[in-house]
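Below you'll find the structure, written out as structure tokens, and then a few comments.
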């Protein structure tokens, strides 16, 4: 059957704005304490470019195929995590809450389970038979739902 592949990247300009403001405030504090302007400008430039390069390569990749759901947080996870179809209890569609400036940047382990979403307004909550959950963000909700409906798994809309 057809594979569904989605790669989410950080595309929000607001992240770069926040990082820039933080670095500028650090530079202003150290300049006030007596550091030279050129060393601060060098530090600011290198730090900002380094963080911008990191944000440009960070991505969440989701693959849905006949074996199950695979996901990876690149470049920090080298291998795909795999959820077989027989381990899934249900899948629920969910709208993510908009956050101020951060635009739904989440990769964390919360009380309910793992969350993997980068700049996506919707997601699917995969509830496993052992009770754990994984939230995977998506920007292409209809394509993902069409692919999930091909499998024998319960899909609920919330």
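The values are calculated or read from the model by the stated rules, or taken from the named source; none is laboratory data. It should be emphasised that the depicted structure is a prediction, and the values quoted were computed from it without experimental measurement.
Condition check ((1) more than 16 Å from residue 117 (Cα to Cα); (2) modelled with pLDDT under 75; (3) not in a strand (DSSP E or B)) across all residues:
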{"position": "40", "(1), (2), (3)": "yes, yes, yes"}
{"position": "46", "(1), (2), (3)": "yes, no, yes"}
{"position": "61", "(1), (2), (3)": "no, no, no"}
{"position": "71", "(1), (2), (3)": "no, no, no"}
{"position": "98", "(1), (2), (3)": "no, yes, yes"}
{"position": "102", "(1), (2), (3)": "no, yes, yes"}
{"position": "106", "(1), (2), (3)": "no, yes, no"}
Checklist outcome for this item: Picking from 154, 122, 129, the residue that is more than 30 Å from residue 21 (Cα to Cα) and at pLDDT 70 or above would be 129
